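Novice: My structure is below; once you've seen it, I'll send some questions.
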Amino acid sequence: STGLLVSIEASGYSGEKEHRLTELLKDWSVEKIKRMGASAVKILVYYRPDLKDLASQQQNTVNRVARECIKYDIPFLVEPVSYPISNEIKNPEEFAAVKGKLVIQTARDITALPIDVLKAEFPADLRYKKDKAELIELCRQLDRATPVPWVILSAGVNFELFSQQVEIACQAGASGFLGGRAIWQEAMPIDDANERVKYLSTVAADRLKKLTEIASRHAVPWYQKLGLTANKLASISEKWYQEY
């Protein structure tokens, strides 16, 4: 009863730590993802818009998958993730200073391709930026840079921080969230299987419920981002089978 996203990329990356290149998983494809019954295709791409040649290669990979998704009529979700280079590696505050600019330009680059949903990083590091008005403005800039619906990712921050990020992002135009570790990461060190299941079915489930409540209050419905209203979603012409 829940939509299933299936990734298409190989784990990790090739190239140097400061020049990360995403590769597609060998012997895997959009066609196979569609055939297995998935709801959408997902790809994670490490991305620095300021590394022009590498960014171009990453765009080519995303575009290639996007064209296949169009061919096989399946939605395509892209998760670009920035990373520190040069002096930023040893100076997290320096990386934090450019994070907003990187995330917003990345959104422009990636959504210029024929994708359906952007899974975006929060455009600030809350350890260094705490003014809510400034954070909302950064997220609004991200929203303006993104012509497709977007959701916020957790990047493994703790749950309380992620809750703040989800609320701010949704108030600024996000259509929701896609979070993993922020919801369940504390379960990983639990050795006893029963205790781990108990933690996931109580604490983690309650966290997911809380995030869903935040998104339900503040998030922008995905179809509004596309200029549609709910009653127009099922609007089709008598020649739909010719146009499809």
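Novice: Please give the per residue accessible area of the chain, computed with a probe of 1.4 Å over protein heavy atoms only, in Å². Working shown, then result.
Specialist: Values: 13830 Å² over 244 residues.
Per-residue accessible area for the chain comes out at 57 Å².
Novice: Loop only by DSSP, 12 or fewer other Cβ within 10 Å of the Cβ. Give me the chymotrypsin sites (Phe, Trp or Tyr not before Pro) in region 106-214 that pass, ordered by residue number.
Specialist: On the way: sites: TYR128, TRP150, PHE159, PHE162, PHE177, TRP184, TYR199; in loops: TYR128.
Hits after loop and neighbour filter: TYR128.
Novice: Here is a further query. Using only the alpha-carbon atoms of region 144-197 as identical scatterers, what base-10 log of I(q)/I(0) does the Debye formula give at q = 0.28 Å⁻¹?
Specialist: -1.04
Novice: Can you compute the modelled spin-label distance between THR202 and MET188, with each label point 7 Å from Cα toward Cβ, in nm?
Specialist: Calculated label separation equals 2.3 nm.
Novice: Only sites in a loop by DSSP and with at most 16 other Cβ atoms within 10 Å count here; which trypsin sites (Lys or Arg not before Pro) in region 64-121 make the cut?
Specialist: Hits after loop and neighbour filter: LYS90.
Novice: With viscosity set to 1.306 mPa s and temperature to 10 °C, compute the Stokes-Einstein D of the chain, Rh being the Kirkwood radius across alpha carbon pairs; µm²/s, no decimals.
Specialist: Numbers: Rh = 19.3 Å.
Answer from the Stokes-Einstein relation: 82 µm²/s.
Novice: For each pair in LYS99/LYS132; LYS101/LYS129; LYS42/LYS101; LYS101/LYS209; LYS17/LYS71; LYS17/LYS52, compute the distance between the two Cα atoms and list the pairs where it is over 22 Å.
Specialist: Working: LYS99/LYS132 16 Å; LYS101/LYS129 14 Å; LYS42/LYS101 24 Å; LYS101/LYS209 32 Å; LYS17/LYS71 34 Å; LYS17/LYS52 16 Å.
Distance filter (> 22 Å) returns LYS42/LYS101; LYS101/LYS209; LYS17/LYS71.
Novice: Let me ask something additional. Tell me the mean residue ellipticity at 222 nm calculated for the chain from its helices only (DSSP H runs of n ≥ 4, each -39500 (n - 2.57), averaged over every residue, nearest 500).
Specialist: Working: 10 runs with 105 residues, N = 244.
One gets -13000 deg cm²/dmol as the mean residue ellipticity at 222 nm.
Novice: In addition: How much length is gained on full extension from ARG144 to SER11, taking 0.36 nm per residue of separation minus their Cα-Cα distance? Walk me through the intermediate numbers first.
Specialist: Details: separation 133, 0.36 × 133 = 47.88 nm, distance 3.10 nm.
That works out to 44.8 nm of additional length.
Novice: While we're looking at this one, here's another question. Could you work out the mean projected area of the convex hull around the alpha carbons of region 101-166, in square nanometres to one decimal?
Specialist: Details: hull surface 17.2 nm².
Averaged projected area of region 101-166's Cα convex hull equals 4.3 nm².
Novice: Could you work out how far apart the two model spin labels at ASN63 and LYS101 are, taking each label as a point 7 Å from the Cα in the direction of the beta carbon, and quote it in nm?
Specialist: Result: 2.6 nm between the two label points.
Novice: Nothing charged except the Cβ atoms of Lys and Arg (+1) and of Asp and Glu (-1): what's the magnitude of the dipole of the chain about its Cα centre? Round to the nearest 20 debye.
Specialist: Working: 33 positive and 32 negative charges, 91 e Å.
My answer is approximately 440 debye.
Novice: Putting +1 on Lys and Arg Cβ atoms and -1 on Asp and Glu Cβ atoms, find which of ASN231, ALA174, THR212 reaches farthest to the positive end of the dipole of the chain.
Specialist: The listed residue farthest towards the positive side: ASN231.
Novice: If you don't mind, there's one more thing I want to ask. I need to check one value: relative contact order of the chain, counting alpha carbon pairs closer than 8 Å and at least 6 residues apart, in percent.
Specialist: Details: 369 pairs, mean separation 31.5, N = 244.
Computed over the chain, the figure is 13 percent.
Novice: For a Förster distance of 35 Å, can you work out the FRET efficiency between the beta-carbons of LYS52 and TYR241, rounded to the nearest 0.05? All intermediate terms of the calculation are to be shown ahead of the outcome.
Specialist: Values: r = 44 Å, r/R0 = 1.25.
E(calc), rounded to 0.05, equals 0.20.
Novice: Would you mind telling me the share, in percent, of accessible area of region 115-160 contributed by carbon and sulfur at probe 1.4 angstrom? Intermediate results must be reported in sequence, preceding the final value.
Specialist: Values: 970 of 1990 Å².
On region 115-160, the fraction of accessible area on carbon and sulfur atoms equals 48 percent.
Novice: Continuing with this model, one more query. Report, in debye and to the nearest 20, how large the dipole of region 168-244 comes out about its Cα centre when Lys and Arg carry +1 and Asp and Glu carry -1 on their Cβ. Could the numbers behind the result be given before it?
Specialist: Values: 10 positive and 8 negative charges, 59 e Å.
That gives a dipole near 280 debye.
Novice: Follow-up question, since we're still on this one. Quick check on region 1-152: of the DSSP beta bridges with both residues there, what percent are antiparallel, nearest 5%? Before the final figure, lay out each step's value.
Specialist: Working: 2 of 16 bridges.
Here the antiparallel bridges make up roughly 10 percent for region 1-152.
Novice: In terms of solvent-accessible area of protein heavy atoms at a 1.4 angstrom probe, what is the ranking of TYR241, TYR47, highest value first?
Specialist: Values: TYR241 140, TYR47 0 Å².
From most accessible down to least: TYR241, TYR47.
Novice: Then there's this: What percent of all Cα-Cα pairs in region 9-72 falls in each 5 Å bin, counting up from 0?
Specialist: Whole-percent P(r) values from 0 Å outward: 3, 17, 26, 24, 14, 10, 5, 1.
Novice: In percent, how large is the relative contact order of region 29-75, given Cα pairs closer than 8 Å and 6 or more residues apart?
Specialist: On the way: 27 pairs, mean separation 24.4, N = 47.
Reported relative contact order: 52 percent.
Novice: For MET36, MET188, what's the largest-to-smallest order of accessible area, 1.4 Å probe? Working shown, then result.
Specialist: Working: MET36 100, MET188 125 Å².
Solvent-accessible surface, decreasing: MET188, MET36.
Novice: How high is the relative contact order of region 137-213, in percent, with contacts defined as C-alpha pairs under 8 Å that are six or more residues apart? Could you put the intermediate results ahead of the total?
Specialist: On the way: 69 pairs, mean separation 23.9, N = 77.
Computed over region 137-213, the figure is 31 percent.
The values are calculated or read from the model by the stated rules, or taken from the named source; none is laboratory data. Note that this is a predicted model, so its numbers are computed, not measured. We place every Cβ from the backbone using ideal geometry, glycine too, and count neighbours over all the protein chains shown. These accessible areas exclude ligands, DNA and RNA; they are computed on the full protein's heavy atoms, side chains included. Shrake-Rupley method; radii C 1.70, N 1.55, O 1.52, S 1.80 Å.
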